[in-house]
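Chemist: Below you'll find the structure I mean.
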Amino acid sequence: MTLKQQYQEVLKRLRRHYTRAPETFVRWKTPLELVVGTVLSAQCTDKRVNKVTKTLFKKYRTARAYARADLDTLKKQIYSIGFYNSKAKYLVGIGKRLVEAYEGKVPNTFDDLMTLPGVSRKTAHLVMSKAWQKPTGVAVDTHVRRIAPRLGWTQECKNVAKIERDLNALIAPRDYLDTNEYLIMLGRDLCRAKPNCAACPLNDICPTGRLHLTL
C-alpha cells in the first residue's frame with residue numbers, strides 16, 4: 001500500500017467511524033463569526049468558545065462593532081477563554097483592519113486573511129475552506145500535528161509549516177477540510193497524547209498502531 005493509498009483508506013474509515021456534529025466545532029453563521037470564533041479557539045476547547053460566542057455574537061454583529069468595542073468590556077466577556085487579554089486585542093484589531101482595509105467585510109483570499117491580527121495559517125485555511133469554499137491548505141492544529149507523524153504522513157513533529165507542506169503534497173485540495181476535522185475527532189477520542197491504539201479503527205494501517213499492538 002502506497003502512502004497515498006493508505007491516506008485514502010484512513011479518510012474512508014474515519015468518515016465511516018465518525019459523524020460530524022456542528023456542536024463539536026466552532027459554530028458560526030457569517031464569515032466574521034467564523035474568524036472570531038476560530039481566533040478565540042486557539043488553546044481553548046470549541047465547546048467553551050461556543051458558550052462564550054452565543055452571547056458575544058449577539059452584541060458584536062459587524063466589524064465596526066469590534067473596532068469600536070471597549071477593550072476592558074470585551075475582556076470581561078471572553079474572560080473564561082484562555083489568553084483573553086491578547087484575544088480581546090486581536091478582536092478589536094480585526095475589526096479595525098476590516099473597516100480600514102476591506103470595507104468591513106472578511107476578505108476571501110488567504111494572503112489578505114493573514115493580515116488580520118491573531119489570524120494564523122490554520123485560521124486562514126479554515127476560513128478559506130468553510131466560508132469561501134476555496135481550500136488553500138490543510139489546517140494544522142494540535143491534533144493534526146500530533147497524529148500526522150504517527151500515521152507516517154510527515155517526518156516532522158514540530159514545525160507546523162513543514163507539516164502543512166507535507167500534507168498538502170499528499171492530499172487533494174477537496175479533502176483538506178475533511179482531513180483536519182476527522183483528525184480532530186480522532187485526536188479527541190482515541191489518538192491523544194497517549195494513544196488508545198487497541199480501540200482505533202486505523203490500527204492495522206497506522207505505523208504507530210501496529211507498533212503499539214506488537215509491544
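Only the coordinates and a few stated rules stand behind these numbers; no lab work does. These numbers were taken from a predicted model, which means no experiment stands behind them. When we count neighbours, we look across all protein chains shown, and the Cβ atoms used for this are built from the backbone with ideal geometry, even at glycine.
Chemist: Using R₀ = 45 Å, calculate the FRET efficiency as 1/(1 + (r/R₀)^6) where r is the Cβ-Cβ separation of A101 and L213; round to 0.05. Can you show the working numbers first?
Modeler: Values: r = 53 Å, r/R0 = 1.18.
It comes out at approximately 0.25.
Chemist: Further question on the same structure: My understanding is that a pair violates if its Cα-Cα distance is over 19 Å; which of K59/K122; K29/K58; K51/K75; K134/K158 do that in this structure?
Modeler: Details: K59/K122 26 Å; K29/K58 12 Å; K51/K75 15 Å; K134/K158 26 Å.
As for pairs spanning more than 19 Å Cα to Cα, those are K59/K122; K134/K158.
Chemist: How much length would be gained if the chain were fully extended between A199 and R64, taking 0.36 nm per residue of separation minus their Cα-Cα distance, in nm to one decimal?
Modeler: Details: separation 135, 0.36 × 135 = 48.60 nm, distance 4.85 nm.
Stretched out fully, the A199 to R64 stretch lengthens by 43.7 nm.
Chemist: Taking the Cα centre of each part, how many Å lie between segment 107-180 and segment 44-77?
Modeler: One Cα centre to the other: 25 Å.
Chemist: Considering the chain as a Gaussian network with a 10 Å cut-off on Cα pairs, which listed residue, V127, V92, V35, attains the greatest mean-square fluctuation?
Modeler: Greatest mean-square fluctuation among the candidates belongs to V92.
Chemist: Continuing with the same structure: Per residue, how big is the convex hull of segment 1-85 when only Cα atoms are used? Give it in Å³. Don't jump to the answer; show the numbers that get you there.
Modeler: Numbers: hull volume 10.5 nm³, N = 85.
With only Cα atoms used, segment 1-85 gives 123 Å³ per residue.
Chemist: Further question: Give the order of C157, C44, C191 when sorted by the count of other beta carbons within 10 angstrom, beginning with the fewest. Let's see the in-between values first.
Modeler: On the way: C157 12, C44 17, C191 23.
Ranking C157, C44, C191 by Cβ neighbours within 10 Å, fewest first, gives C157, C44, C191.
Chemist: Normalise the Debye intensity by I(0) for segment 23-130, one equal point scatterer per Cα, no solvent, then take log10 at q = 0.14, 0.22, 0.24 Å⁻¹ and round to two decimals.
Modeler: Values, matching the q order: -0.46, -1.25, -1.51.
Chemist: Give me K194, K122, K47 sorted ascending by neighbouring Cβ count inside 10 Å, so fewest comes first. Display every interim value, and only then the final one.
Modeler: Numbers: K194 6, K122 22, K47 12.
With the sparsest Cβ surroundings first, the list reads K194, K47, K122.
Chemist: Contour minus end-to-end for K158 and S86, with contour as 0.36 nm per residue of separation and end-to-end as the Cα-Cα distance? Mind showing how you got there, number by number?
Modeler: Values: separation 72, 0.36 × 72 = 25.92 nm, distance 2.35 nm.
Extra length available between K158 and S86 comes to 23.6 nm.
Chemist: Regarding segment 65-118, what's the average projected area of the Cα-atom convex hull, expressed in nm²? Intermediate results must be reported in sequence, preceding the final value.
Modeler: Values: hull surface 14.8 nm².
Value for segment 65-118: 3.7 nm².
Chemist: Still on this structure, please answer the following. Considering the Cα positions of the chain, please state its Rg to one decimal place and its Dmax as a whole number of Å.
Modeler: My reading of the Cα-based Rg and Dmax gives 18.3, 59 Å.
Chemist: Could you compute the FRET efficiency for D175 and D72, with r as their C-beta to C-beta distance and R0 at 35 Å, rounded to 0.05? Mind showing how you got there, number by number?
Modeler: Numbers: r = 43 Å, r/R0 = 1.24.
Efficiency at R0 = 35 Å is approximately 0.20.
Chemist: Rank these for me by crowding, I147, I184, I205, going from fewest to most other beta carbons within 10 Å.
Modeler: Details: I147 24, I184 21, I205 17.
Final ranking by Cβ density, sparse to dense: I205, I184, I147.
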